[in-house]
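Asks: After the structure tokens below, expect a handful of questions from me.
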Amino acid sequence: MSAPTVGFLSPEPAAGDEPSAVPPPALDAEKLVCYDLALELQVLCASLVPAQHRVLQDQLERASLSVVCNIAEGAGRRSRKDKRRMYAIARGSAAETAAIVDVLRLRRLAPEAQCRAARSLALRVVQLLTKLDAPLLAYSPAGVGPAAVKPSR
């Protein structure tokens, strides 16, 4: 006989029990392609800058981490306005990440192939965040936003 479940938690499988075919729960962000790409971008950026360039290394680390964190926070928000704000911040951080990578490439502080890969990831994240934003922008509840503005006489 299995142990009773408490709340949402299920008991640990007993020895000999078959593992459940049910996938583990996922955060909303983990369902987004742009979140996976942002994680990949962050890992790549963390190894891109030589240690002797601490200022650039720190700025790139902060910008690329901001992309991941703001996508996750936006995905976890319920209101469209909050989601849009967080995705806009993530989009800006992705653009900042691409700019820093451009500086690294032009100053020859990082391998060109890695810089191009990082820039490509950053651009794709920006594109996907823009796509995520479109349906949030299109909706305007009655009395709020541009759809509710009366034309001037």
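The values are calculated or read from the model by the stated rules, or taken from the named source; none is laboratory data. Keep in mind it's a predicted model, so treat the numbers as computed, not measured. Counting neighbours? That spans all protein chains shown, and the Cβs are built from the backbone with ideal geometry, glycine included.
Asks: Here is a list of conditions, (1) surrounded by 15 or more Cβ atoms within 10 Å (Cβ to Cβ); (2) at pLDDT 90 or above, and L32 meets all of them except one; can you say which number that is?
Replies: (2)
Asks: Say whether the condition of being closer than 18 Å to D58 by Cβ and among the β-branched types (V, I, T) is met by at least one residue in region 79-96.
Replies: So far as region 79-96 goes, no, none of its residues is closer than 18 Å to D58 by Cβ and among the β-branched types (V, I, T).
Asks: Follow-up question, since we're still on this one. Kindly indicate the residue of region 80-134 that is polar (S, T, N, Q) and under 18 Å from the mean Cα position of the chain (by Cα) and also farthest from C69 (Cα to Cα) among those meeting that condition.
Replies: Among residues in region 80-134 that are polar (S, T, N, Q) and under 18 Å from the mean Cα position of the chain (by Cα), the one farthest from C69 (Cα to Cα) is S120.
Asks: Follow-up. Select from region 56-92 the residues that are assigned to a helix (DSSP H, G or I), among the polar types (S, T, N, Q) and surrounded by fewer than 22 Cβ atoms within 10 Å (Cβ to Cβ) and list them in ascending order.
Replies: Across region 56-92, the qualifying residues are Q57, Q59, S66.
Asks: Which members of region 78-92 meet the condition of being more than 8 Å from D133 (Cβ to Cβ) and of a type in the set (A, V, I, L, M, F, W, C)?
Replies: Hits for region 78-92 are M86, I89, A90.
Asks: What are the residues in region 24-67 that are more than 28 Å from L106 (Cβ to Cβ) and of a type outside the set (A, V, I, L, M), if any?
Replies: P24, P25, D28, E30, K31, Y35, D36
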